[in-house]
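One structure is given below, encoded as C-alpha cells.
The values are calculated or read from the model by the stated rules, or taken from the named source; none is laboratory data. Keep in mind the model is a prediction, meaning the values are calculated, not measured. Glycine gets a Cβ as well: all are built from the backbone with ideal geometry, and neighbour counts include every protein chain shown. Heavy atoms of the whole protein, side chains included, go into the accessibility calculation; ligands, DNA and RNA do not. Shrake-Rupley method; radii C 1.70, N 1.55, O 1.52, S 1.80 Å.
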Amino acid sequence: MKRKDLDWENIGFSYHKTEKRYVANYREGKWDEGLLTEDANVVINECAGILQYCQEIFEGLKVYTTCDGSIVAFRPDQNAKRMISSAQGLEMPPFPEERFLDALDQVVRANAAWVPPYGSGATLYIRPYMFASSSVIGVKPAEEYQFRMFCTPVGPYFKGGVRPLVLCVGDYDRAAPHGTGHLKAGLNYAMSIHAGAQAHRNGYDENMFLDAATRTYVEETGGANFLFVTKDQEIVIPKSASILPSITRQSLIQVARDYLDLKVTERPVTLSELSDFAECGLCGTAAVISPVGKVVDHGKEIIFSENKNGMGPVIQKLYDTLTGMQQGNLKAPEGWIRHIM
C-alpha cells in the first residue's frame, strides 16, 4: 500500500474525498447486503423524510496508524451501540452492530492509502450516518432508510492545535428536558449552529450550553462534553439526561479511575461553581480532550488557573494516556482496540 502524498501535519479538520464509501438500504422491512461505491453523491426524492422532518442520525470515530504500523479503530463497537440507541429514539430501523463493524473494516481497507502515518497528528475520521430516504408528507416515520459510511483524513479539530480555549455562556438552549439531547442526531447539532456562529463572531472558540429548564447547570458545547478538575485533582463530570453520552468521556473516566488512580464523580455541575475548579476540558472524538482556559459569562471571566498556558497536569495525563492507547504505545483495556490491517 502506497500512502497518499499529503501534508499530513497541516491538512486541518476538513473533508477530503476518498475512493470508496459503504452504502446499504432498508426497504420492505429489511436491510440489503450493502456495498462499496465510488459515488460520493446522495440522490433522494424531494419529499424524502430527511428533508421534511430531519430523520437522521450519525456517528464519528477515528482510525489510527499505531507505532508498529498497524491500522486500528478505537472502540467502534460503542459507536455501533450508540447508533442503535439513536435509531430507536427517532423511530428508525437499527443498523446491526456486526454489520456496522464489517462496514468499517471494508471502508478502511478500501481507503488504506488515506490513513495518516504514525506521529503525524492526523487520523482517519469515519462518519457513519443514516437517514430517511423514502417520501413522507405527513409527520410520521419513513418506510425506507439509507445507511452510509465514508472516511476522510483530518487534523486537529480546533485551529492552532492544543491551546487553552475561550468559551462564552450563550443565551440559547441546545436540548430540552426529555427531548433528544442524548441522541446523536443531526437536529441537535443544527440547534447549536447559530449559537456557535455567534460565539465565533464575538471572538470565542465555542459556546457553553446550560440546561434548558433552569439555565443553572452546565451541559455541553455544540460538539463536545465537559470535564472539570478540582484543586485536589478530583475529576467532576456534568450529569444530565440531555447530555450526549460521549464514548471519549466514558473512556477518560475509566482511564482516570483504573490507570491514574484518580477520583471521578459524575453529578450536576452548576455554573456558579466553575470558579472552584482548577482545570476544565472539552472531550469528544474530534478533539479527544482540549483545555479550556476561560469561560466568559456575560462579561464575568471564570479562569481555570492550571490551564492558562496549555493543558493542566491532570488533563495532560488523561490525554497522554488515552492517545497512548490509541496509538499503540500503551496497553488498552480488553476490547478497546479493533485491529483492521
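Tabulated results
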read-out: Under the Debye formula (equal points on every Cα, no solvent term), log10 I(q)/I(0) of region 44-165 at q = 0.13, 0.23 Å⁻¹; value: -0.61, -1.20
read-out: Region 247-309: Cα Rg divided by the 2.2 N^0.38 Å rule of thumb; value: 1.22
read-out: For region 102-255, alpha-carbon Rg relative to the globular expectation (2.2 N^0.38 Å, N residues); value: 1.23
read-out: Estimated Rh, region 38-97: Kirkwood, alpha-carbon pairs, angstrom; value: 14.1 Å
read-out: Dipole moment magnitude, nearest 20 debye, the chain about Cα centre, only Lys, Arg, Asp, Glu C-beta charged; value: 400 debye
read-out: Proximal lysine pairs, region 1-104, alpha carbons under 29 Å, eight or more residues apart or interchain; value: 14
read-out: Rounded to whole Å, sorted largest first: equivalent-ellipsoid semi-axes of region 11-54, Cα gyration tensor; value: 24, 17, 9
read-out: Accessible area in the full protein assembly, largest first, 1.4 Å probe, for T265, T152; value: T265, T152
read-out: Protein-only accessible surface order, largest first, of I337, I84 at 1.4 Å; value: I337, I84
read-out: Gyration tensor over alpha-carbon atoms, the chain, equivalent ellipsoid semi-axes in Å; value: 32, 26, 18
read-out: Cα pair count fraction exceeding 16 Å, expressed as % - region 85-125; value: 55 percent
read-out: Most positive-pole-ward Cα, L187, Q327, N41, against dipole of the chain from beta carbon charges; value: Q327
read-out: Viscosity 1.306 mPa s, 10 °C: Kirkwood-radius Stokes-Einstein D of region 1-114 over Cα pairs, µm²/s; value: 97 µm²/s
read-out: Rg and Dmax [Cα atoms of region 193-277; Å; Rg one decimal, Dmax integer]; value: 13.8, 41
read-out: Förster radius 41 Å - calculated FRET efficiency between R3 and V43, Cβ distance, rounded to 0.05; value: 0.80
read-out: Solvent-accessible surface ranking, highest first, for D261, D173 at 1.4 angstrom; value: D261, D173
read-out: Rounded accessible area of E220 (nearest 10 Å², 1.4 Å probe); value: 0 Å²
